[in-house]
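Derivation of every value follows stated rules applied to the coordinates shown; laboratory data play no part. Keep in mind that this is a model prediction, so the values were computed, not measured. Heads up, the Cβs are rebuilt from the backbone with ideal geometry, glycines too, and the neighbour counts pull from every protein chain shown.
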Amino acid sequence: MADTERQDGTIARQARAIWERNSAFWDTQVGEGNAFHLELIRPAVEGLLAPRPGESVLDLACGNGVYARDLADQGCNVVACDFSRAFIDIAMKREDGKRRTNPIDYRVVDAAEPEQLAQLGRGRFDAVVCNMSIMDIVDVNPLFEWVPRLMTPGGRFVFTIMHPCFNHSEAVFASELDEQVDPPRIQHWLKVSNYLDIPPRKGLGIEGQPELHYSFHRPLSEILNLAFGHGMVMDGIMEPAFPGNETHDERHTWANYHTIPPVLAARLRLAARNL
Ligand SMILES: C[S@@+](CC[C@H](N)C(=O)[O-])C[C@H]1O[C@@H](n2cnc3c(N)ncnc32)[C@H](O)[C@@H]1O
């Protein structure tokens, strides 16, 4: 990918168009929560965010709104946004017929555009959440610049991402039949050939999606140094893996890796010196 394409917005436009085309499929797969969401993402986010009824919460890059609805069901006042109009339409359709005293405020907002983030309102949110999207956003500088401004002074920002150490395009599943033990067993491996220098490329999020989408791998130091540079500190982290020890027939699945986390969840706050 040429730097010019990134700078002139070509990639951003293509990325959005791909998400528009993948949105209906994504919605059928995620629905009100697939295994990844219900077993890994949601418990980790709930643990770190600890949302309280009446709080004002922003869900950035909300997709079909699966987590926004959960927050609203818990009594939070939720603003949920995504840069894909198709996803926002789907999310709103899922609200049809629901009578809430705290309706979700769904908006089309590009999280890579500072002016659009600014319009969400300074100092307005007790908490901001961004699930499984930071690695999909072409430029995350505006997000890390604006999240601290959008939050109340004591606000918390919780994000989940594909674990940058283990879950990326240059980490591949491998398995081996060990016949030296009785009974023979299949051993699962993860082969990581790169971490620091993976270029942006298109990849698969959910098996069967109509089109590969852009992914912008960022090592942990890149993500966290951005947050630290914008006055935040990290005070919580979780690395959820699928529980249990059973092996699934479908060999190359994260459900077989009980001690390697496919997801990383972190909580950031404004550093005390910036309050
Ligand atoms: C993997 S999906 C996650 C969706 C949702 N948060 C969830 O957990 O199901 C990534 C989402 O990021 C959104 N996205 C990508 N780039 C974005 C941007 N620049 N601004 C806002 N949303 C963006 C996509 O439209 C998509 O909904």
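Give me 11, 186, 134 sorted ascending by neighbouring Cβ count inside 10 Å, so fewest comes first.
Details: 11 19, 186 11, 134 23.
Ordered by Cβ neighbours within 10 Å, fewest first: 186, 11, 134.
For the chain, what proportion of DSSP beta bridges, expressed in % and rounded to the nearest 5, is antiparallel? Walk me through the intermediate numbers first.
Numbers: 24 of 43 bridges.
Given both bridge residues lie in the chain, the antiparallel proportion sits at roughly 55 percent.
Of the chain, which part is the longest with no GluC sites (Glu not before Pro) in a loop (DSSP not H, G, I, E, B) and with at most 10 other C-beta atoms within 10 angstrom?
Values: sites that count: 179, 207, 246, 250.
Free of exposed loop sites, the longest segment is 1-178.
Loop only by DSSP, 13 or fewer other Cβ within 10 Å of the Cβ. Give me the trypsin sites (Lys or Arg not before Pro) in the range 90-168 that pass, ordered by residue number. Provide the component values of the computation, followed by the final result.
Details: sites: 93, 94, 98, 99, 100, 107, 122, 124, 149, 156; in loops: 94, 98, 99, 100, 122, 124.
Taking the range 90-168 and a limit of 13 other Cβ atoms within 10 Å, the loop trypsin sites (Lys or Arg not before Pro) found are 98, 99, 100, 122.
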Item to check | residue 192 paired with residue 145, simple spin-label distance in nm, labels 7 Å along Cα-to-beta-carbon | outcome: 3.1 nm
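Out of the trypsin sites (Lys or Arg not before Pro) in the range 186-215, which ones are loop residues according to DSSP with at most 11 other C-beta atoms within 10 Å?
Working: sites: 191, 201, 202; in loops: none.
Listed in order of number, the matching sites amount to none.
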Next on the checklist: Within the range 124-165, list the residues whose amide N lies under 14 Å from a label point set 7 Å along Cα→Cβ of residue 52.
Outcome noted: 126-127, 152-156
Next on the checklist: Using a 10 Å cut-off around each Cβ, can you sort 48, 38 from fewest to most neighbouring Cβ atoms?
Outcome noted: 38, 48
Checklist entry - Got a sec? Charge dipole of the range 159-233, +1 on Cβ for Lys and Arg, -1 for Asp and Glu; which of 233, 190, 168 is way out at the positive end? => result 233
Checklist entry - With a 10 Å Cβ neighbour count serving as the proxy for reagent exposure, in which order, fewest first, do 238, 232 appear? => result 238, 232
Checklist entry - What residue among 259, 152, 160 shows peak mean-square fluctuation when the chain is described by a Gaussian network model with Cα springs under 10 Å? => result 259
